[in-house]
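The values are calculated or read from the model by the stated rules, or taken from the named source; none is laboratory data. Just so you know, these numbers come straight off a predicted model, no measurement behind them. Here Cβ is always computed from backbone atoms with ideal geometry, including for glycine, and neighbour counts include all displayed protein chains.
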Amino acid sequence: MKRRNLALSGPYLVWTAAFIIIPLLMIVYYGLTDSTGAFTWSNIAQMGTPERMKALVLSLILSLIATAICLIMAYPLALILSHMKAGATGFIVTIFIIPMWMNSLLRILAWQTLLERNGVINQILTFLHLPKLYLINTPYAIALGMIYDFLPFMLLPIYNALEKIDQNVVNAAYDLGANRFQTFWKVIFPLTIPGVISGITMVFVPALTTFVISDFLGGSKVLLIGNVIERQFTQVGDWNVGSGLSLVLMVFILISMAVMQHYDKGIGEGVVL
Amino acid sequence: MKKVLSRIYLAFIFILLYAPIAVLILFSFNNSRTRAKWGGFTLKWYVEMFQNESIMSALRNTLLVAVLSALIATLLGLMAAVSLNSMKRRRRTVILSAINIPMLNAEIVTGISLMLIFIGLGQFLSRWGYGVEFGFGTVLIGHVTFNLPYTVLSIMPKLRQVNVSTYEAAMDLGATRMLAFRKVVLPDIMSGILSGFMLAFTLSLDDFVITHFTKGPGFDTLSTKIYTEVRKGIKPEMYALSTLLFVSVLVLLIIFGRGKGKETAK
């Protein structure tokens, strides 16, 4: 019986090998060879050109800012939502989740419409006889797009973590004389850290690697590392350099995940102790 | 005081979330091609959208890829979950971490890696005169690949809650393995299977990046269609499309939410 059960995973394992493992190895292969197939580090070193370094640094800064703002905005929101009466919660939480169900490109298109030179915001400013603002094609516009696009990804895991907290634990803290702030800082917040961690990863990685948000809100003026890599494949057609750059990007993703996992584990053990 | 503050905060986030969508909806009724002016109310963009064959075919492709990829991913995921459940712990951990790769990795890297493997496969097959055509098939494979972890991870926890004794009891009473699975295990894990399917379906509907790298020139889903149209300069048909998509999501959620409410009421 065991053996037959093991065989059931056959198609799945073949699929994983063919479309996940081997493709990733191909990126490694292309990234570390030149067009003749000889080993080289030069594709990776291509990241060092000023233009690409600028894109990488800008991506890191913007994605860190977007992640931080999402966290600052989503945590109080999740707290408020988790305190609502049971009947109202479902409906109100749904309201804050609905935008996530809309196609993400359309959500960014909406911001383009708002921020453009002749967009809605500038029209309102003109109507009020105020000077127009230069909003689109700036790093600020991209950060705004990231926050708008990824806020629900931060909200949901934190809200779920808050919902799971046993109310008795919170009451026990109050009974033992903790004030509201102490209860939050010593009891509630530590219990939501796994949610915060998964929220951070779910915002940071897509923000770091996006090329759509910068395409729509940055024009061709502000390039992120995602744009640089995407162009390398779809316009330049140099897979070796493109793969080399992707390898560098993957290193950053792995580092961020290792950091996150480290914190997650440390806190978890602390709670158990 | 605290209540007022939290109300204000909720209202602030609500406006931030919905103002852009409201603007999209408003402009879908604007009778002027340049967005700079309000040219009066019109439904002509909706008419043009439905008459636009490329948008309609993108819509069909999107739905077809979403349904098929969700079905395949759910089936493969179910089989894998059953199998993983009876594995030893260490082996299971190794396989589960391989599953997680497309979920944790950047979409752009997954997309590029899939593009490279299809090109490589095409070169390999060309020796015998075959090839890999970028289009429906490659997009479908890409979508199944990124959907798989979600279906496995939705089904696994339900499967672990299943009481093995009831399954064994069914077989003791003469049921075949298949019958015991269908009658005893399947009803218990059905909610996991359904939520895995729904998750896969919505992820596939929304995907842009993987499709962008695995599609061929003649093939579009709604996301890639929106991308090319917006880069060309926005067409009001796209506003009409977003309004319709938003309204249909809203309607689906209300219907789904009601069903769920009834279920919990029982």
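Remarks
- Filter pass, B:L125 being surrounded by fewer than 16 Cβ atoms within 10 Å (Cβ to Cβ), free of Cβ contacts under 8 Å to residues at least 40 places away in the same chain and either assigned to a helix (DSSP H, G or I) or facing chain A (nearest Cβ under 9 Å) (or both): yes
- Set B:G120, B:G111, B:G137: member being in a helix (DSSP H, G or I) and either within 8 Å of chain A (Cβ to nearest Cβ) or among the β-branched types (V, I, T) (or both): B:G120
- Hits in the stretch A:97-106 (condition: part of a helix (DSSP H, G or I) and at the interface with chain B (Cβ under 7 Å from one of its Cβ atoms)): A:I98, A:P99, A:W101, A:S104, A:L105, A:L106
- Of the criteria (1) under 23 Å from the mean Cα position of the chain (by Cα); (2) more than 7 Å from every other protein chain (Cβ to nearest Cβ), which one A:M84 fails: (1)
- Restricting A:I27, A:I65, A:I69 to residues that are under 30 Å from B:L96 (Cα atoms), surrounded by 16 or more Cβ atoms within 10 Å (Cβ to Cβ) and of a type in the set (A, V, I, L, M) narrows the list to A:I27.
- Of the residues making up the stretch B:186-212, those that are within 12 Å of another protein chain (Cβ to nearest Cβ) and either more than 18 Å from B:V67 (Cβ to Cβ) or outside any helix (DSSP H, G or I) (or both) are B:D207, B:F208, B:V209, B:H212.
- Search result, residues across the stretch A:122-161 that are surrounded by 16 or more Cβ atoms within 10 Å (Cβ to Cβ), among the aliphatic types (A, V, I, L, M) and not in a helix (DSSP H, G or I): A:L135, A:I136
- Inspection of the stretch B:32-50 finds no residue satisfying the criterion of being surrounded by 16 or more Cβ atoms within 10 Å (Cβ to Cβ), within 12 Å of another protein chain (Cβ to nearest Cβ) and in a helix (DSSP H, G or I).
- Residue that is farthest from the other protein chains (Cβ to nearest Cβ), among those in the stretch B:84-108 that are of a type in the set (S, T, N, Q) and in contact (Cβ under 8 Å) with a residue 24 or more places away in the chain: B:N100
- Residues satisfying the stated conditions in the stretch A:217-239, i.e. in a helix (DSSP H, G or I) and out of contact with any Gly (no Cβ under 7 Å at 6 or more places or on another chain): A:I225, A:G226, A:N227, A:V228, A:E230, A:R231, A:T234, A:Q235, A:V236, A:W239
- Matching residues, the stretch B:150-172, being among the aliphatic types (A, V, I, L, M), assigned to a helix (DSSP H, G or I) and within 30 Å of B:P102 (Cβ to Cβ): B:V152, B:L153, B:I155, B:M156, B:L159
- Close pairs (7 angstrom Cβ cut-off, 6 or more residues apart or separate chains): more than 9 Å from chain B (Cβ to nearest Cβ) in the stretch A:238-251, of a type in the set (S, T, Y) and surrounded by fewer than 24 Cβ atoms within 10 Å (Cβ to Cβ) anywhere: A:N240/A:T33; A:N240/A:S35
- Which listed residue is buried (at least 21 other Cβ atoms within 10 Å of the Cβ) and either over 13 Å from A:L32 (Cα atoms) or among the acidic types (D, E) (or both), from A:L224, A:L254: A:L224
- Among the residues making up the stretch A:117-147, a single one is in contact with a helix residue (DSSP H, G or I) (Cβ under 8 Å, 6 or more places away or on another chain), over 19 Å from B:L24 (Cβ atoms) and either within 13 Å of another protein chain (Cβ to nearest Cβ) or basic (K, R) (or both): A:K132.
- Boolean, B:M87 is over 17 Å from the mean Cα position of the chain (by Cα), among the aliphatic types (A, V, I, L, M) and more than 30 Å from B:I189 (Cα to Cα): no
- If only residues of the stretch B:1-31 that are of a type in the set (F, W, Y) and assigned to a helix (DSSP H, G or I) are counted, the one that is modelled with the lowest pLDDT is B:F27.
- Among the criteria (1) within 27 Å of A:S256 (Cβ to Cβ); (2) β-branched (V, I, T); (3) without any contact (Cβ under 8 Å) to a residue 24 or more places away in the chain, the one B:V132 does not fulfil is (1).
- Sub-7 Å Cβ pairs linking a first residue in the stretch B:168-182 that is closer than 15 Å to B:V82 by Cβ to a second residue that is among the aromatic types (F, W, Y) and in a helix (DSSP H, G or I), at least 6 apart or interchain, are B:A180/B:Y167, ordered by first then second residue.
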